[in-house]
Every structure is written in structure tokens, then in C-alpha cells.
1. Dividing the alpha-carbon Rg of the stretch B:244-388 by 2.2 N^0.38 Å yields what?
2. List the aspartates and glutamates whose Cα lies under 19 Å from the Cα of residue B:27, skipping any in the same chain that are fewer than 8 positions away.
3. Among residues other than residue A:187 whose Cβ falls under 11 Å from its Cβ, what is the net charge (Lys/Arg +1, Asp/Glu -1)?
4. Return the aspartates and glutamates within reach of residue B:200: Cα separation strictly under 17 angstrom, same-chain partners fewer than 8 residues apart disregarded; answer none if there are no such residues.
5. Computed from the mean reciprocal separation of all distinct C-alpha pairs, what Kirkwood hydrodynamic radius does the stretch B:3-389 have, in Å?
6. Limiting things to C-alpha atoms, what are the Rg and the maximum Cα-Cα separation (Dmax) for the stretch A:413-471, in angstroms?
7. For the stretch B:184-246, report the % of Cα-Cα distances exceeding 13 Å.
8. Can you sort A:268, B:222 by how many other beta carbons sit within 10 Å, fewest first?
Amino acid sequence: MTPCAFRLTKCLLALGLFSLASTSASASSGPGQGHAAPIQARETFDESLTLRPLPDGRVSAAFEFKTVVRGARPREPGSLGRAREEGDVSQHYALFPLELGQILRAHAVAELHLGLRAGKWDYDAWGAPGAWTTADPSPEPHAGVGAGAAGAATGAELYAWMGDAGGGEGEGGVSIDDRWTGLRSALAGLFCASLESLDERRTCAPADAFPPSGTLPPLASQYRPRSNASGSSIGAGGGGYYELRHALQPAEHVCTENLTPFVRLLPCKAAAGLGRLLNPQKLFGADWHGLGVHVRWVAPGGGGGEGGVELVLAAQGVFDPVRLSGSYRSRDWSFQRLFDRLVEARCPVARSSRVYVELPQDVAYSVVPEPTKVEGAVAMYDLLAENAERVDVSLRYLLEKQFQYPTARPPSLSPLTVRRALHGTSQAHGALAVSVTNNLDTPVRVGYLETLPALVTLWLHTLTVTLDGDARPRNDLLTDLTYQPPLPHGAHTGPSVLQAALAIPPRATLRLSVDMGKAFLRYTEHQPDAMRGWDLPGAVFFPLALDDKSYGAGLASAKNSNETAVATTIGYRIHTPNLLVDLATPDFSMPYNVIILSCTLITLIFGSVFNMLTRRWVLVDMDEGLDVE
Amino acid sequence: MASQYVFPAAVAARIFLCFTSLPEYLKYDQQLSTPLTSHLRLQEGIFLYKHDIDPYAGGTLRHSPLFLSLFTTLLPTSRLPCSVLWTLCDFAAAYSLVRIWRARQRVSSSSRDSLIASLYLLNPYLALPSLALSTATFDNLSVLLALMFASEGRTSLALLVTATATQLSIPSALIVLPVMLLLLTDPVSHLAVPRIFPVKLSRAIPLATEYLAYSVALMLACTTLVGSWRWIPETWGASIMLPDLTPNPGLWWYFFTEMFDHFRSFFLMVFSIHLVIYIMPVCIKFQHDPLYAAFILLGVLGTFKAYLSLADPGLFLSMFAIFPEVHPYLRHPIVTALLHLHAAPLLPLFHHLWLSEGTGNANFYYASTLVLGLANGAGLLDAVWAGLRTAIGDVEPKYEVVQE
């Protein structure tokens, strides 16, 4: 825990500095605009916990803490360079965390998603990450983030949509890249995470894979239009446009120091309400755990009502009660067993505070206490209505003495089963192999995204696609290929970005294979513990907008070609686990030796050559002595 | 005579090898092709170019745009036709070496021709890179063609090919001066009777102008092909800035892997200047025989080049065949030969132990590159010594010839 503690100290320092800065900022903020509505009515806070038993005996617990500032709008990026009094509205929040609000407004972020996750999410056994298995954003009010935004990329993932009014720096604007740097630093300080390492070596803009989950507000139109050819941005009318910045640090170790600032953002902290259950001892002992911060803007009208800025703080863990129960091997669970805590008191500022429990099917069970409402297979506890204290929801399987793990693999809960591996034993080159199985009875069309740091270079001309073990290449199933080569050194560094659309016939397995070269780094570029290797971020499979034109002849010769199968896409992003790439290391103790040995050899040859070129020839009489020729 | 069958046998063997699956195993070999000459990277560059992605954007392609244009239009890219093409290039290079020999001897054919050709074709340092489809084969061919045209006094062709050789691989610029001196004089051996350079040097000015004109024209053509100047830092710049630290048998890569960051640019400058610093002294000392000066400078390249592959010392060693007059005076031929015999198996062995087996570390391979460097250096010293020593000729046994 020493590195953990060290990071904690560093973060505390950063936080201290940050709070100093924020104090001065709030002190100097001018009178600002008055608030028409009372603060309490303007902001709402809802919390929910969804408990879902999983087929393998585990339990998924997903917390969602949703704060909405109704009627609020993200800051106009055009106002960034201006003086404070005309630049931005002053910020007074009752429930919305001020420190996060200040970061968002200081960098004019329209939409932000931060994930700190650890473990490997098993899509086949657990379905989609997030509260519910179903991918569709449920109309229920508790479905704050759809599973799509929840994501399960391992490590620290940050992406943000930021607007540019088109003015550029000359007209007082601050460039998106500068704001991205600032945003990273600020969030790194706030969440004690190594987001600083999400620099340009890891930053890219795969806008198709990470579309805004909310609405991007239209930008003011006082600036001249900018022609925009790249597909990575979304026009916002009036010459402004939005751009995505996405970065993933796969080697991030999520730890207690990340949860503490996370809990600090909750209105009731961990003192009351569902936040009470966020016990670091238990959460970080889970088989999979993730923290998420999702900020988006909901447009007025439509389903969003008045609209406004919505913040969802999400925490999820996949607990294994079988393991927690020790020798009992029972999958019965309760708050006490999962979190080692109870809900002691209700959070007074919450508009709603609910616990949802997905009830098991075809098994005898008992769930205590009595749910407020049971709807279908979901039991709901309204903690506010019950006004309960010391709530301990528990679920017992009545006829089960010991949990028997299913012997046969149950049908996959995910539309796609993805495997990704590095092949080859050499430290100089290897191959990346991806196999995607379509578990549906319809053809699936899906986007495929690889963002690899410049540690590896894909040799795209060796990319081959095969179907179902058939050796014939089926590269026609891979379309719309875009590729951005990696930029290893120098002024412009960046990851390689490979994006393509895959068409997978029903119940078929698509195999992709591409050779790659591994980089040889300078000895100063290696990270500590260099022999461990480097983490490569996982691939992303993302939903595609389907149109008949692009979905063409790819599947004409597929299995069910006689049927006119309608293609579908997946409902949420699927992240594959990280990979570890083994790079060759130099001997770190050798710099002086190498300089000495190489220089000796070079000077030996150099000296001898110039000796020969400059010295005179003489004949030596071996009997008498020197005799000059 | 057996020697008359050597050449056909070499032909047969080389053609046979390129139809085997040997090239598949050799294409990743880092002794045979460097990032600047690797066929894999060339194919990747062609793929990117065909898909409208700037191949020079990402440090992937470090070949000259000339390769890019030739292989996207005229020349084949699939494995078997490539193997045949590379073999043909080797034959053309061997033939140029024979023509240089004939020009030096002022004969139209000689009994030594097939020996010289087979020494080029069967030199494993040259045959293996060619089988691995390393574009070093083209670099060597262009250098030999330049020397051949220069030896035969065909000024414009020689300068054009020299400019092409420089375009393909910037370190080849070392032979520009000897080629011009060769064009002003003759390729005949004057090693035994040194003389002052017989022609006024001012006559080299039009040659230099013509060379520069060709170079600029080629540069502009390349820039037009690629659409930007971006290829210059990626191709020529790579030989100076060493952005890619992929291991090779040369002396640069591990030195700059282990270099302290704040000394990197200083030592890059030192190493680059070190290469250039040989040109004038060698050309002055061997002003009586510019072809020999070119030979020495190719030896310097084969030892100290930034991205060295085995094809570079291979060219130098094969060229020994056209200077039989120096063979009696080589300084330590046995030591040199043994060093090469030592280095040649050590390099692939330690490379494999380090990168594939994981039982050796980088120092193993580094040590074997030092041995190869020593072997190449010893060969260079042999050549310099013998080239100067020839002038003394044979002496009575009671005398020893030494340098003061």
C-alpha cells in the first residue's frame, strides 16, 4: 500500500491547492445573475441502487446518484477568454458539487464521462454493465446513465465533448486541446487519479464510438464559420462545432483514494442514504468494480422536461457472495454481507431514494424486508416512503444449501462474444488476433475501434478477416476502414487509431488477424518495472447507425443468404480486456559501459585509419636499424 | 576448369533459393533489413498510400518516395515476383561489379569475371538481405551502377545514378566526391605508382552542378509524388536523428538507446560528422586512384552507418575481388576473416536469445554487434593499409615495412 499512500499524499496536496484556488475563485466571482427559482426547486437529487443476481452466483450492485440542475446550460466556449464579470455566470449550488461545477465551467465542457474501473467485465455471464441487462435506456426515472455510457473499459477512461465557437485563440477563445489538458489536470487533482498520463500519447477523437449521450447545446453564432472536413466533430450551428477527446490509461490502479473524493461529491456523503453503503473495504474487494462520473446536458422539452445539466455519479461492483460466505458456499446476500454496512438513515435532500432488486426466476427465495412494490421481476424499496432506518435488504435462496456453479456455459447474455489476444513470442514483432462471435440469430453490424499507443505498430497490409475457421480471407466483411498511424516521437505524438465496420453473419465467428511491430524504446522511456510489459487498451465494439446502403453485399454469401435477414447492431459499447505487450528492454545499468565500449571501438578504428593515412612509410633494416625510404 | 561452372552454379542456386519459403522466415530478421530498408514497411507504406493515408505521417515508412512510386505503379509487390526482381537486381549488381573490373583492367573480358560475379552473388551478407527483400539490394545496385558508369566515363549517367543512390539512401553521399574524381581521371589502378591528381579540380565544378541539378530534380519529383516535404525528415532525417531504435548490426542503435537524453543531440552530431570526416582525407590520400577511395569510403559506411544491415559490409567485402593487386599486402587478413566468422553466427544467435528465447539480454546482442564492428573495422584497416603499402612493393626479406 506504500504507492497508494504516496499517491494519497500527493492528491491531498493537490486537493489542498485546488481548494485554495476554488475559495479565491468563489470569493472573486461577481454579483452575477440572480436566480429566479429557489435553489432547492432548481436542483434535484435522486439516488438508486440496483441489485441484480447473476447466473454465476455473483451479485451486481449498481449505485446511481443523479443530480440535475434544471434550466442550466454548459458554458459557452466563446466566453472563455473574456474577463470574469462578462465571462460566466456565478455558481451557487445547493446539491451539485461546486468543485466539479467549477472544473466544468472553467473548461466549458459540454459532456464529460470519467470511469475508474478495475477487473474484467464478463459480458457473456453478466450482460451489459450498468444497472440493467437491457441496453435500452429505460423510461424509468432511475435509468440515469444507459448501459452505453456506463462502459466497462478497464483502467481510467476519460472522454469529453467540448465546443469550439470557431473563434480560435486569436479571438479570445481557448483551444480544445488546451482545455483538455486543463480538464485532465483538474480532474486528476479532484479524483486523485493519474489522469495526467492521459496525454497526447493516449488522446484521440473516435467520435463514432463515443457519441454524446445527451444533447450538445447549440453555440452562439458570432464567429465566422470554419470548414471542417474531419469526421471527428459535430457541427453545432453558427460556425461552431463540438469535438471529442478520449483517452484511456489501462494501467490505472483504482483504489481508496479515488473513492474518498468521489463520496465527497455526494450531498449526503457517506453519512446517510445509499452512499452509506459505499464501503471501500468491500467495494474494492469486489470481483469487478467501477466508479463513473457522467455529466451531460439534457435539452429542454421532449422527455427531459425542463432540461438542464445532469450529473450521474455511478458506482458498481460485482460481488461474489459465494466467496464472501466462506465455507457455507451460499449465494444468499444482504447489505450486511455485501457492504458490511446498513442504510442507517435516509438522505434528507434526496427527492427519491430507491433500491431495486431483480428477483430470481424459477427458484424459491425470500426477500426481506417486504418490498414497497413488486413490478414484474423487480422489487422496489422506497427508502423515503418507508422512512426506514437500518435497512438491510437481504435475499435468501430457500432450498439451496450450497450454490452449485452451472456446469454448462449458460447462453450468453451479450450479443457478441469477443476474444482478443497477442500472438507470437518475439519481442520484436507479433500479431493481434480478435475473434468476434455473433450470438444472435440476425446478422450484426458493429463498429470496431482500436486505439493503440505508439508502442506497437500495426502492419495493416497483413490484416486478414476469416469466418468460422474457413481459411479463405473474407476481408469484404470489414468495411469503412479508417486508420491513423501512430506518431512515436517528436513534437506530434499520438496513438494509432483503427476504426472499421464489421458485418457478422448470424451465429458466426469472425476472426481478425493483423501483424504488428513492437517498438524499441530509449532506456529513459521505459516505465518502472519495465520487464512487466506495457498495458494496451482494450478494443471497443460500438453500435453503428444502420443504413441499407452501407450494409451491402457483405453478407450475401453468408450462411442464411436465402433469408432476407435484417441486420441489427449492438445496444451498447463492448470493451475488451486490456492486453499486456512485452517490449524488449535494454540493460538499464549499462549507459556508461555502452558509451565507453562503443566510443572505444570507434576511436580505435578512427585513430588507426588516420594513423595510416598520415604517417610516413619506412623500411626497417632488421639487422641495423631505421632506414628511411 | 571448375571455375567456369561456378557462375552458372551460383545462378542456379540463387534462383532456386528465391522460390523456397526462405524469404518468409527472413522478412522479420533485423540483421538483414533495417527500418529504412525493410520490405514489410515498404508494403505497409504502399498499403497506406493506396488508402489515401499519408505513409510518411507516422514513422512507418522510411523508404524514399521513389520506391513508393515504383512499387505502386511498375513493380510488383507480391512475394514471388518480388523475389525474382530482387534476384535480378543482384545479378545486375554483380554484372556492374564485373564491368567495373573490366574498366579497371582495360579489357573487354577476363578469366576473373565469373569469380568476381560469384563472389558478389554468393556472399551471404548480400544474398540473405536480398532473399529477405531488403531494399539495401537496390541501394547497393545503385552504388555499383554509379561506380560502373563513372569507370566507363559516362558522365551524365554516372551523376544521375549517383544522385539516385543518394536519394535512396542519404549515407551514399560519401561516394559522390570519388565518383566525380573518377569521372575526371580513369579507373585504372595507380596504387603501385601514386601520383598527384592529374586534372585541375576546377573541372569538377560542372560535374558538381550537374549532380546537384539531378538531386534537386529528384527531390522535387519526390515531393510532387508525396505532396509535401514530409518525406525528408522521415527518410533522410532518420539517418541523422535515429528516431527508430530497432536493433541492427551497427553501432548506433544501442548507443542511442542507452544515451542520456541531454547528450543525445550532441552525440548524434558527433556520429554524423564522424561519417563525413573520412571523405576528404581518403580522397586526398588516394587521389591517384579514386575508385579505391570509393572502396574505402564504402568500407567506412559498412562499419559506421546509422542503420547498418549486413548488406553494407557485404558490398565492401565483395569489392575486395576487383582489387587483386592489394591482396598480398593486407595487414591482418586472417584476423579479419576470423572476426567475421565469429560475428556472423553470433549475431543471429544472440538476437534470437534476446528477443525470442528471452534467455539472453540486450547486452548479448550488443556484444555481437561490437564484434561485427571490430571485424568491419579490421577489414577497413586492411584495405587502407594494403592500398598504401602496395606502393612500396616487395622488399628484401631483411627489411620490414612499417609506418613511422
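1. Details: Rg = 16.3 Å, N = 145, 2.2 N^0.38 = 14.6 Å.
So the stretch B:244-388 has a normalised radius of gyration of 1.12.
2. Output for residue B:27: A:515, B:44, B:90, B:139, B:244, B:312, B:357.
3. The answer is -1.
4. Here the aspartates and glutamates satisfying the reach criterion relative to residue B:200 are B:186, B:289.
5. Here the Kirkwood hydrodynamic radius works out to 21.3 Å.
6. 13.8, 41
7. 76 percent
8. Placing the least packed residue first, the sequence is B:222, A:268.
Each value in this text was obtained by applying a stated rule to the coordinates, not by laboratory testing. Keep in mind the model is a prediction, meaning the values are calculated, not measured. With ideal geometry, Cβ positions are generated from the backbone for all residues, glycine too; neighbour counts draw on all protein chains shown.
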